[in-house]
Amino acid sequence: MIFIAGATGFVGGHLVDYLLAKGVGLKCLARSDKTADALARRGVRVLRGDVTEPGTLKDILDPDDIVIHLVGIIAEQGKATFSSIHVDGTANLVAEARRAGVRHFLYQSALGADSASFSGYLRTKAEAEEIVRSSGLGWTIFRPSLIIGPWDGFTKKLMDMIRLLPVLPIPGGGGARFQPVSIHDWLRCAGAVIENPSEYRATYDIGGPEHLTYREIVETLAEVMGRHKLRLSIPMGLMKFSASVLEAALPSPPVTVEQARLLELDNICDTDAVEKAFGFRPRRYQEALKEFVR
Ligand SMILES: NC(=O)c1ccc[n+]([C@@H]2O[C@H](COP(=O)([O-])OP(=O)(O)OC[C@H]3O[C@@H](n4cnc5c(N)ncnc54)[C@H](OP(=O)(O)O)[C@@H]3O)[C@@H](O)[C@H]2O)c1
């Protein structure tokens, strides 16, 4: 059976659809009645639990399970810190996976995970990777770049900005490079691991076939949406200051200072990383967008 933690999120929701369509047996973790009901209605076996509460994970796994651990946050909020979710949450799930002696453990990290990073997100992703690598379980680690597809939060924010603002704001000139990958291509990689876990015991960068600057990403999206607008460079200092004000004022700000700083750094891997590891060429950004952006 495939066990998914994080099945109620963007990536997890697509993975549930993909595996149900293939007739694969699924059990998924859910934290609330609402998400539990939604999963149950789709014929998924639901287990109630929270990765930060080890008691709720007790006896949820079996020796035959393949665990897909997708739980993660991109901004801290209250008790949900990068450390509690990524590090403690992964340690708790790994402990239960070890108790059960599961078949395989796939952990979704992030491109650029680095224990020396200024970013708490990337630092704790690297710490979680280490927990998985030293678990004694059969493991795979994915380090994806931006994953795009229906309901992805990043594209949605950019689309709202393109629709609502009279000009396209580009923080700091938008020169940092990224490597967006389609959710459909991510699913093909995950599907390969699920089908043949012992063939994929390593850490894999998952990125699209192009390095694109933030500016090119915004411009391509605006073009696919058929909106042609003037660009306006926003000095990075102003962007960070605005983010710090929003962070102080709002419980869930649209952008954090850490996220603004991440927009200054390249976040890329080899353009043929997926082809080398999984044997197919992922879609280009524009092609991927055309599948879901109107
Ligand atoms: N999307 C990307 O572009 C991208 C790129 C690189 C890496 N990643 C990584 O991929 C993973 C999935 O990303 P996503 O975009 O699908 O994120 P998402 O939409 O925010 O989903 C996060 C999932 O984690 C669950 N979760 C959060 N805290 C939890 C807790 N304490 N216990 C149990 N479940 C908890 C959420 O459940 P609720 O529904 O209950 O909140 C949700 O199912 C994350 O680890 C992320 O860091 C994503």
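Can you pull out every residue in region 131-148 that is surrounded by 13 or more Cβ atoms within 10 Å (Cβ to Cβ) and more than 9 Å from the ligand (Cβ to nearest atom)?
Quick first cut of region 131-148, residues surrounded by 13 or more Cβ atoms within 10 Å (Cβ to Cβ) only: 131-133, 135, 137-148.
Of everything in region 131-148, those that are surrounded by 13 or more Cβ atoms within 10 Å (Cβ to Cβ) and more than 9 Å from the ligand (Cβ to nearest atom) turn out to be I131, V132, R133, S135, L137, G138, W139, T140, I141.
Scanning for something surrounded by fewer than 20 Cβ atoms within 10 Å (Cβ to Cβ), within 20 Å of V193 (Cα to Cα) and out of contact with any strand residue (DSSP E or B) (no Cβ under 6 Å at 6 or more places or on another chain), does region 24-40 turn up at least one residue?
Filtering region 24-40 down to residues surrounded by fewer than 20 Cβ atoms within 10 Å (Cβ to Cβ) leaves 24-25, 27, 31-38, 40.
Still in the list and also within 20 Å of V193 (Cα to Cα): 24-25, 27.
Then keep just the ones that are out of contact with any strand residue (DSSP E or B) (no Cβ under 6 Å at 6 or more places or on another chain); that gives 25.
Looking for residues that are surrounded by fewer than 20 Cβ atoms within 10 Å (Cβ to Cβ), within 20 Å of V193 (Cα to Cα) and out of contact with any strand residue (DSSP E or B) (no Cβ under 6 Å at 6 or more places or on another chain), one finds at least one in region 24-40, hence yes.
Pull out all pairs, ordered by first then second residue, where Cβ-Cβ is under 7 Å, the residues are six or more apart or on different chains, the first lies in region 147-161 and is more than 21 Å from V274 (Cα to Cα), and the second is assigned to a helix (DSSP H, G or I) and aliphatic (A, V, I, L, M).
So the pair list comes out as T155/L221; L158/V218; L158/L221; M159/L221.
State all residues of region 58-75 that are surrounded by 17 or more Cβ atoms within 10 Å (Cβ to Cβ) and either near the ligand (Cβ under 9 Å from one of its atoms) or within 25 Å of R143 (Cα to Cα) (or both); if no residue qualifies, say none.
L61, D65, I66, V67, I68, H69, L70, V71, G72, listed by residue number.
Return yes when L158 is over 18 Å from Y200 (Cβ atoms), more than 15 Å from the chain's Cα centre (by Cα) and within 14 Å of the ligand (Cβ to nearest atom) and no when it is not.
The answer is yes for L158.
Which one is nearest to I234 (Cα to Cα) among residues in region 260-277 that are in a helix (DSSP H, G or I) and in contact with a helix residue (DSSP H, G or I) (Cβ under 9 Å, 6 or more places away or on another chain)?
Residues of region 260-277 in a helix (DSSP H, G or I): 260-262, 273-277.
Remaining after also requiring in contact with a helix residue (DSSP H, G or I) (Cβ under 9 Å, 6 or more places away or on another chain): 260-262, 274, 277.
On the way: A260: 12, R261: 13, L262: 15, V274: 34, A277: 38 Å.
Across region 260-277, the extreme among qualifying residues is A260.
If I filter region 119-130 for residues that are surrounded by fewer than 15 Cβ atoms within 10 Å (Cβ to Cβ) and either hydroxyl-bearing (S, T, Y) or modelled with pLDDT under 95 (or both), do I get at least one hit?
No, region 119-130 contains no residue that is surrounded by fewer than 15 Cβ atoms within 10 Å (Cβ to Cβ) and either hydroxyl-bearing (S, T, Y) or modelled with pLDDT under 95 (or both).
The values are calculated or read from the model by the stated rules, or taken from the named source; none is laboratory data. Everything quoted here is computed from the prediction, not taken from an experiment. Here the Cβ is made from the backbone with ideal geometry for all residues, glycine too, and neighbour counts use every protein chain on show.
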